[in-house]
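Working notes, beginning with the structure itself.
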Amino acid sequence: MTDKFRYRRALSGKWQMAEHAKTVETALAMEAQLHLYFSGATSLDTVANHITEQVLAQQPELLPQTDEISPEALLQIIALAAQSTVLQALEQPQPSQTAMLTLTVAQHFARKRFEPELAEPYVQLQQQILTLHQHWQTMLNQRQRSQRSIG
C-alpha cells in the first residue's frame with residue numbers, strides 16, 4: 001500500500017469514529033442529570049469518545065448507521081464500554097477520570113426507568129451493569145484500604 005492510501009484510510013477511520021462519537025454524545029446529552037457529572041476537567045464529549053472507542057474495538061456493529069440511537073442500543077453500547085473500562089482500569093494503579101465517568105454514566109442508565117419499559121433482556125442488562133458497578137466500587141475501596149495500610 002502506498003503512504004497516500006494509508007493516510008486516506010486512517011483519516012476515513014478517524015472521521016467515522018468522530019461521527020459515531022457525536023451520535024453517542026447526542027444521545028447521552030439528552031439526559032439532563034448527566035450534565036451534573038461533567039463539572040470537572042473531563043467533558044461529555046471525552047466520555048462519548050471513550051465509549052465509542054471501546055465499542056469500535058470490540059463490537060462496531062452495535063453502533064448505528066444513523067444519527068439516532070434507540071434506548072436499547074444505547075444501553076448495549078454503554079454496557080460494553082463499562083465492561084471494557086473496568087477491565088482496562090484493573091491494569092492501572094489509578095483509574096482515569098474518563099474511566100470513572102464512563103462507569104458513572106453506565107450506572108445512571110442502569111438505574112434509569114425507560115418509557116416505554118424495556119424488554120426483559122435489557123432490564124437484565126441494566127441489572128448486570130449495576131452488579132458490575134458494585135464490584136467496581138468494592139475493588140476501588142479495597143485498593144484504597146490497601147494503599148492506606150501501606151502508606
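Bear in mind that the values in this text are calculations on the coordinates, not laboratory data. No experiment lies behind these values; they were computed from the predicted model shown. Quick reminder, even Gly has a Cβ in these numbers, built from the backbone with ideal geometry, and neighbours come from all protein chains shown.
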Which is the longest stretch in the chain that no exposed loop site breaks, taking sites as GluC sites (Glu not before Pro) with a DSSP loop state and at most 16 other Cβ atoms within 10 Å?
-> 32-67
Would you mind ranking 114, 109, 38 so that the residue whose beta carbon has the fewest other beta carbons within 10 Å leads the list?
-> 114, 38, 109
When you take every Cα atom in the chain, what is the radius of gyration, and what is Dmax, the widest Cα pair distance, in Å?
-> 17.0, 56
Dipole of the chain [Lys/Arg +1, Asp/Glu -1 at C-beta], most positive-end residue of 140, 23, 36 | 140
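At a Förster radius of 35 Å, what calculated FRET efficiency corresponds to the Cβ-Cβ distance of residue 123 and residue 143, to the nearest 0.05? Display every interim value, and only then the final one.
Values: r = 31 Å, r/R0 = 0.88.
About 0.70, to the nearest 0.05.
Longest segment of the chain with no trypsin sites (Lys or Arg not before Pro) in a DSSP loop having at most 15 other Cβ atoms within 10 Å? Walk me through the numbers before you get to the answer.
Details: sites that count: 112, 113.
Formally, the longest exposed-site-free interval is 1-111.
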How big is the gap, in Å, between the Cα center of the range 36-69 and the Cα center of the range 78-151?
-> 15 Å
In the chain, which helices (entire DSSP H runs) extend 30 Å or more along their own long axis, judged by Cα positions, while averaging at least -1.0 on the Kyte-Doolittle scale?
-> 3-29
Would you calculate, for the chain, the mean residue ellipticity at 222 nm contributed by helices, counting each DSSP H stretch of 4 or more residues as -39,500 (n - 2.57) and dividing by all residues, to the nearest 500?
-> -25000 deg cm²/dmol
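How large is the charge dipole for the range 28-128, taken about the Cα centre, if only the Cβ atoms of Lys, Arg (+1) and Asp, Glu (-1) carry charge, to the nearest 20 debye? Please report the intermediate quantities before stating the final value.
Values: 3 positive and 11 negative charges, 73 e Å.
Computed charge dipole of the range 28-128: roughly 360 debye.
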